[in-house]
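Reviewing the structure listed below.
The numbers here are math on the coordinates, done by the rules we state, and not lab data. These figures come from a predicted structure and were not determined experimentally. Cβ sites come from the backbone with ideal geometry, for glycine too, and all protein chains shown count toward neighbours.
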């Protein structure tokens, strides 16, 4: 479980808070989605969790333990994070890349053992990338790359998964595959925290939705609570309607033309 | 990498060293080389081996090993295939130190020390600039800081040499072209300590470098203390580079090209990459020094020029593969 408790982040030399008192919880067994316009603080939330950004106030807790007191490897063994950007300067094979997920379990000298190998193989299967195993990272498609990154995160073997826009650049099929996988992982007991711009997919798959606006939580609850035209119109500053998707029954946003 | 490949690398280094000991203006018969190794040094060829060739080859191995490891670690940490040991101001700072010492009329004992101090001062300055501009945890900032410090050092050298006597200019230039010709026991011992200790540290840091190579955010997510790990790599890599520069002047291209050669052989993990770059770097510098000695005897070509000449084809091949 990941809990953000009244988190305030202000970047050095900034005049406004990037996060101004955010509280939210990603429970085990649930898919929690954070949505909101560009620059609303979603990625800062993730960066604060992995301690790339210092908290001005508040606390972040993983299984009720303050993140600030955990060491890096301990945190990484519990929470796996798939960040928004990741550029490899020197390509490795898919297998080698997934193996890097075991880093927090290894000491400086200890090499990977049977448990590590098993965890890697299991996560390769879970993410459905077995056929890519020997391919090189720079020779796979964008959709495959996202699934491979997910496999690496699963190899960390934690109980929580945080993903910052994992379906950017993906086509409909690959996007659905990722959402279904995240849904399955949540059902299997993981605490999944997803940052996404795909409101309609989030509304279909998420158990809990949190809408960010200017660094604070503007609405939170079930998809039906959050996906309201008046709320979304104000936050996204764009005319829109929310309909009920006839095929799947979930609320769906339809943006209108500006004039 | 398989054991067989490691043995092959080591064997090629041994062969290169052996040839470099035997061949030169005076060709030493193999029996004399063995005599020298056994401590029988009463013949002239054996004397040549023990007093000239052996120290020279030993220094060449250490220079190549140090630059190779330093380059491998820096390329991974900075996620930049063009990163190299001299990047953080090491070369510029060392040159300034050496030129100051040369201009003041100091000789072979003081110049290396001055170069070492100059190199470390420059690296320190680059760190300070990077910290003032943002953070050490951003390789781009550090890279630019290194460029700034290097440019300043170059300007300082030009100013100093503009009005210097021609003899000083010549000496300074020779130093900048790199050489292992005047290897002394002290130089070899000191450099050995730096290369061995620094090498162990970089191999220990190897796993963290693998993770750093994913990018700072991803590395933080995997539990690496990004700022600290980067600082450790930069400090160790720069210390090794500074020690090599103090011992042999500027030997270009080795730190840049050697990690690429090792990578081309299929090595991806930085522990193996650092170790492999040590062996390949040693081999490359030994061969470059040998080439420099035998191409136009009795004149010697500057080592730094030969390493670049040997390195360029490798890079061209790599460029072709990138397409």
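Summary table
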| item | result |
| --- | --- |
| Rounded if a/c under 1.5, otherwise prolate or oblate - chain A, Cα gyration tensor axes | oblate |
| Extension gain (nm, one decimal) between residue A:115 and residue A:134, 0.36 nm per residue minus Cα-Cα | 4.8 nm |
| 0 to 90° range, to nearest 10: angle between helix A:114-126 axis and chain A longest Cα axis | 40 |
| Relative packing of A:119-125, A:242-248, A:13-19, which averages over residues the other C-beta atoms within 10 Å, highest first | A:119-125, A:13-19, A:242-248 |
| Spatial separation of Cα centroids for the stretch A:62-123 and the stretch A:7-27, in angstrom | 27 |
| Relative contact order of chain A, pairs being alpha-carbon contacts under 8 Å that are 6 or more residues apart, as % | 25 |
| With Cα atoms, 0 to 90° folded angle of helix A:142-155 axis to chain A main axis | 70 |
| C-alpha long axis of helix A:172-187 to longest principal axis of chain A, angle in ° | 80 |
| Chain B, relative contact order [Cα under 8 Å, separation at least 6], % | 30 |
| DSSP beta bridge pairing in the stretch A:121-259, given as percent antiparallel to the nearest 5 | 65 |
| Over the stretch A:24-109, equivalent-ellipsoid semi-axes from the Cα gyration tensor in Å | 24, 18, 14 |
| Rounded if a/c under 1.5, otherwise prolate or oblate - chain B, Cα gyration tensor axes | oblate |
| Estimated FRET transfer efficiency (residue B:182, residue B:317; beta-carbon r; R0 45 Å; 0.05) | 0.85 |
| Shielding score for B:209-216, defined as the mean number of other chain Cβ atoms within 10 Å | 5 |
| DSSP beta bridges in the protein assembly as shown [antiparallel fraction, %, rounded to 5] | 55 |
| Sites residue B:82 and residue B:296 - FRET efficiency at Förster radius 45 Å, r taken between beta-carbons, to 0.05 | 0.90 |
| Mean-position separation - Cα centroids, the stretch B:82-131 and the stretch A:172-222, in angstrom | 54 |
| Residue-averaged beta-carbon neighbours from other chains (10 angstrom radius) around B:264-270 | 2 |
| All-pairs alpha carbon distance profile, the stretch B:195-302, 5 Å steps from 0, percent | 2, 11, 17, 21, 18, 13, 7, 5, 3, 2, 1, 0 |
| Three semi-axes of the equivalent ellipsoid, the protein assembly as shown, Cα gyration tensor, whole Å, largest first | 55, 26, 19 |
| Computed E for residue A:228/residue B:132 - FRET, C-beta separation, R0 45 angstrom, nearest 0.05 | 0.40 |
